[in-house]
Amino acid sequence: MLAIILGPPGSGKGTQAAKLAEKKGLVHLSTGDILRNAVKNETELGLKAKSYMDAGDLVPDDLILGIIKERIESNNNVLFDGFPRTVPQAEGLDLMLAETGSGINVVLDLDVSDQEVINRLSGRYFCSSCQATYNYPNKLPKREGVCDKCGIALSKRKDDTEEVVKNRLNVYKELTQPLQDYYKKQGLLKTVNGEGNIEAVFNDLVSILDSIKTG
Ligand code: AMP
């Protein structure tokens, strides 16, 4: 199965993608996580991506398509999270998949209002080791300020400040939202209300994946 999860920043894509991938045996491919790791390790990719990410802008399409190509060549059981982010990225993905004779099975679209996005991102923290995310007050760690899995202090993402969040929302509307039409035309888009609690949204997404026929 090849699935995509779409939604504005803070819509819960990362949280839901990790849970769905585990439940359905899919590889969770988050371009945001890959880029944050590259920045942390100061790799060539990280050095190129850092300034775009800090400003809340998108990293150039050719860099992103390079990351994806490397990773999907050996795998056709993937849940893409945070990719594609632009129509040219979606076209690039379609071309790569056409070469391997496969295609996208479903695009899950999380619908969350701007105000809810701003509220969620201002309370978001993450673990720089395992990338798990937490949210005050909705998804608290067991011990305040500490990752449940790794036991290390939680961090705030550099791009979760109010000014950068506003830019990320604008970028989402201008460059990413057109993907809704792109995938609607292909009959792949399934929109889900992303404002319920984590388990309710998860159950809706699982039912959609369960109903998809592959192969
Ligand atoms: P995310 O964790 O998905 O919110 O991504 C964090 C940041 O990484 C974004 O604001 C972009 O700067 C960059 N990024 C992640 N995925 C992509 C992508 N597919 N295309 C361009 N930039 C991306």
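This table checks each residue for (1) surrounded by fewer than 19 Cβ atoms within 10 Å (Cβ to Cβ); (2) closer than 14 Å to Pro84 by Cα.
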position	(1), (2)
Met1	yes, no
Ile4	no, yes
Pro9	no, yes
Lys19	yes, no
Glu22	yes, no
Leu26	no, no
Thr31	no, yes
Glu44	yes, no
Lys48	yes, no
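Residues of the range 190-211 that are surrounded by 15 or more Cβ atoms within 10 Å (Cβ to Cβ) and either in contact with a Phe, Trp or Tyr (Cβ under 7 Å, 6 or more places away or on another chain) or without any contact (Cβ under 8 Å) to a residue 40 or more places away in the chain (or both): Asp204 alone.
Condition first: closer than 21 Å to Thr133 by Cα and either of a type in the set (Asp, Glu) or at pLDDT below 95 (or both). Now tell me which residues in the range 170-203 satisfy that. Answer for the range 170-203, where residues must be closer than 21 Å to Thr133 by Cα and either of a type in the set (Asp, Glu) or at pLDDT below 95 (or both): Glu195, Gly196, Asn197, Ile198, Glu199. Would you pick out the residues in the range 90-122 that are touching a residue at least 12 places away in the same chain (Cβ under 8 Å), of a type outside the set (A, V, I, L, M) and farther than 22 Å from Val192 by Cβ? Gly92, Thr100, Ser102, Ser122, listed by residue number. Given the conditions (1) more than 14 Å from the ligand (Cβ to nearest atom); (2) modelled with pLDDT under 95; (3) closer than 24 Å to Ile208 by Cβ; (4) among the aliphatic types (A, V, I, L, M), report the number of the one that Ile104 does not fulfil. Exception for Ile104: condition (2). Of the numbered conditions (1) farther than 30 Å from Leu188 by Cα; (2) surrounded by 14 or more Cβ atoms within 10 Å (Cβ to Cβ); (3) touching an Asp or Glu at 6+ places or on another chain (Cβ under 9 Å), Lys142 fails exactly one; give the number of that condition. (2) is the only condition that Lys142 fails.
I need a count of the residues in the range 7-26 that are part of a loop (DSSP other than H, G, I, E, B) and closer than 11 Å to Arg120 by Cβ. Matching residues across the range 7-26 total 5. Scanning the range 2-54 for residues that are on the phi > 0 side of the Ramachandran plot and more than 11 Å from the ligand (Cβ to nearest atom) turns up Gly12, Gly25, Glu42. Is it true that some residue in the range 59-78 is under 15 Å from Leu175 (Cβ atoms), touching a Leu at 6+ places or on another chain (Cβ under 9 Å) and in contact (Cβ under 8 Å) with a residue 60 or more places away in the chain? No, every residue in the range 59-78 fails to be under 15 Å from Leu175 (Cβ atoms), touching a Leu at 6+ places or on another chain (Cβ under 9 Å) and in contact (Cβ under 8 Å) with a residue 60 or more places away in the chain. Residues in the range 161-188 that are more than 15 Å from the chain's Cα centre (by Cα), among the charged types (D, E, K, R) and within 16 Å of the ligand (Cβ to nearest atom): Glu162, Glu163, Lys166, Lys173, Glu174. Among the residues of the range 62-95 satisfying the criterion of being near the ligand (Cβ under 7 Å from one of its atoms) and part of a helix (DSSP H, G or I), which is nearest to Leu179 (Cα to Cα)? That would be Gln89.
The values are calculated or read from the model by the stated rules, or taken from the named source; none is laboratory data. Please read these numbers as outputs of a predicted model, since none were measured by experiment. Quick reminder, even Gly has a Cβ in these numbers, built from the backbone with ideal geometry, and neighbours come from all protein chains shown.
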